[in-house]
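To start, the structure under review is shown below, and the notes come after it.
The values are calculated or read from the model by the stated rules, or taken from the named source; none is laboratory data. Just so it is clear, the structure is predicted and the values come from calculations on it, not from any experiment. Neighbour counts run over all protein chains shown; Cβ positions are idealised from the backbone, glycine included. These accessible areas exclude ligands, DNA and RNA; they are computed on the full protein's heavy atoms, side chains included. Shrake-Rupley method; radii C 1.70, N 1.55, O 1.52, S 1.80 Å.
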Amino acid sequence: MNAIDVRVETITPEIAKAYLEKNKNNRKPSSQTVAIYARQMKLGKWQLTHQGLAFDEGGDLLDGQHRLWSVIEADVPIQMVVSRNVPRSAF
């Protein structure tokens, strides 16, 4: 079992697009949620918290698609916690 790797990263719109290519099994994103998050990001009110992005052992996105779509919508870089090697079974 690999250890979960957790880091704070700056997510640019370009990185968000690349990470969304690894979004294989998430539900359809909510445009309303994306708009709310993007508005906060544009206003500089988005805060770094424990919630961010999670990728499984194979590199697939488990959590964070709304945050990624919001970075693209807002067109601003945002710092987020990024967790890798999260066991899919834990999600």
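Quick notes on this one:
- Solvent-free Debye scattering, log10 I(q)/I(0), computed from the Cα coordinates of the chain at q = 0.24 Å⁻¹: -1.25
- Remark: spin-label model distance residue 51-residue 75 equals 2.6 nm, labels positioned 7 Å along the Cα→Cβ axis.
- Net charge, residue 43 excluded, C-beta distance under 15 Å - Lys, Arg +1, Asp, Glu -1: +1
- Heavy-atom accessible area per residue - the chain, 1.4 Å, Å²: 63
- Summing Cβ point charges (Lys, Arg +1; Asp, Glu -1) relative to the Cα centre of region 1-60 gives a dipole of roughly 440 debye.
- Full extension of the chain segment joining residue 27 with residue 42 gains 2.9 nm, where the gain is 0.36 nm per residue of separation less the Cα-Cα distance.
- With contributions of -39500 (n - 2.57) from each DSSP H run of at least four residues, the per-residue ellipticity at 222 nm computed over the chain stands at -9500 deg cm²/dmol.
- Taking Cβ atoms as reference points and 14 Å as the exclusive limit, the residues near residue 17 contribute a net charge of -2, counting Lys and Arg as +1 and Asp and Glu as -1.
- Between the residues 52, 66, 30, the greatest Cα displacement towards the positive end of the dipole of the chain, with unit charges on the Cβ of Lys, Arg, Asp and Glu, is found for 30.
- Taking the accessible area of region 1-73, probe 1.4 Å, and keeping the other protein chains in place, the carbon and sulfur fraction comes to 48%.
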